[in-house]
Amino acid sequence: MLIFIVIFVSLNHYRAIRHLLVISILGFFLQSCVDVLPVPSPSDDKKLLVICEMSVSHDIKAEVSYTGTLSGVKPGKLEVPDTFNFSIVEGEKDFGVAFRYNARDSFFQIPKSNLSLRVGETYKFRGAGSNPNTSEPTLVIPDRPNVDSITISELTSTVTGGKTITEMVCSVKYRGLTPDVGYFHLIPLTEKKETWEVIAFEKDHQAYKRMNHKKGLLIDGARVKDQTIKLRLRIATDVAPEYLYLDLGNATEAYYKYNYFLSNTYTDPNQTSENQAIAAFNINTPKAYGTFSAVNFVSFPKKLKD
């Protein structure tokens, strides 16, 4: 039998994740092999909260703060960030590329010129300690997503209140992944970087998760039949768009789970273990909690009218 006490997360803005306070998780096991996220006891020191989402071809950023403790210490910023040593280690190298603290924006950073992420390569986050299996938080950079075709149907355009309302059904056939694996982040845009609204899922409804803290959708590839994403899109613009740009990111499981969990906190601040809050953290060390993940985006253009 497993009993969990509610995890309460307070988030008013995405950057406020640095102020995440995990009140408690209490587990009793008779027979179980389930990993749980340990929480400091009243006598424990506060831990680090590390949020590092890497995107191929971009600078690497990590937000690091303190959690609270059961003895009443509130979550907060690092007092002297420059004294912390964090790095990303590529492959089996002995030494990693060090983060530098960006005081203006309050995060740790590795410029892409210092470390270019490579598809299929293994990377470790060093400085947050080791997980219970004695390994440092580790991931493999996912492949670029491959799209065979983008089909537009039921395209309509009307003018209402001085705005042009464009609506259509978009079908995306992707490949390069076996049907039972793959996590995606999909952002539909116009040529002016305006975001299309997804007004309906035309198939595989359980595969999609609308995000409230970021643009776009999370997609569980295991629930997408025939490797075909089918969505109904709408947008109101001053001038009718000529293109659909699909920014499709192939993501690690940790990226999917953490953003799924974080998006839930915007709609239901009283999270319980039933919402997979524990699974959202793949950094679980004596020193820190958090998430270490990666996504590989490609933008696929499609002209609305040939």
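Since every read-out is calculated from the coordinates, none of them should be taken as a lab result. Bear in mind the structure is a predicted one, so any value in this text is a computation, not a measurement. Every residue, glycine among them, receives a Cβ derived from its backbone with ideal geometry; neighbour counts consider all protein chains shown.
Using Cα centres only, tell me the gap between region 179-213 and region 68-130 in whole Å.
After rounding, the separation between the Cα centres reads 30 Å.
Using Cα positions and a limit of under 27 Å, work out the lysines in reach of LYS163, with same-chain residues fewer than 8 apart set aside.
The reachable lysines, counting only those whose Cα sits under 27 Å from LYS163, are LYS192, LYS193, LYS214, LYS215, LYS230, LYS302, LYS303, LYS305.
Straight-line reach only, C-alpha to C-alpha below 15 angstrom: list the aspartates and glutamates that LYS124 could link to, leaving out same-chain residues fewer than 8 apart.
Qualifying aspartates and glutamates at Cα under 15 Å: GLU53, GLU90, GLU92, ASP94, GLU136.
Which translational diffusion coefficient, to the nearest whole µm²/s, is obtained for region 146-251 from the Stokes-Einstein equation, given a Kirkwood hydrodynamic radius over C-alpha pairs, 25 °C and 0.890 mPa s?
The diffusion coefficient I find is 172 µm²/s.
Towards the positive end of the charge dipole of region 146-251, with charges on Cβ (+1 Lys, Arg; -1 Asp, Glu), say which of LEU231, GLY216, THR166 has the farthest Cα.
Going by the charge dipole, the pick is GLY216.
Charges only on Cβ, +1 for Lys and Arg, -1 for Asp and Glu: so what's the dipole of region 146-251 about the Cα centre, in debye to the nearest 20?
Once rounded to the nearest 20, the dipole reads 280 debye.
Mind listing the phi-derived Karplus ³J(HN,Hα) values for region 88-102, rounded to whole Hz, using 6.51, -1.76 and 1.60 with θ = phi - 60°, and x for any glycine or proline?
Computed from phi, the couplings for region 88-102 are 10, 9, 9, x, 9, 5, 6, 10, x, 8, 7, 6, 10, 7, 9 Hz.
For the residue pair GLU154 and ASN114, what label-to-label distance in nm results when each label sits 7 Å from Cα along the Cα-to-beta-carbon direction?
Going by the 7 Å Cα→Cβ label model, 5.0 nm.
With a point put 7 Å past each Cα toward its Cβ, work out how far ARG234 is from LYS163 in nm, to one decimal.
1.0
Within 10 Å of each candidate Cβ there may be at most 15 other Cβ atoms; applying that plus a DSSP loop requirement, which chymotrypsin sites (Phe, Trp or Tyr not before Pro) in region 94-180 survive?
PHE95
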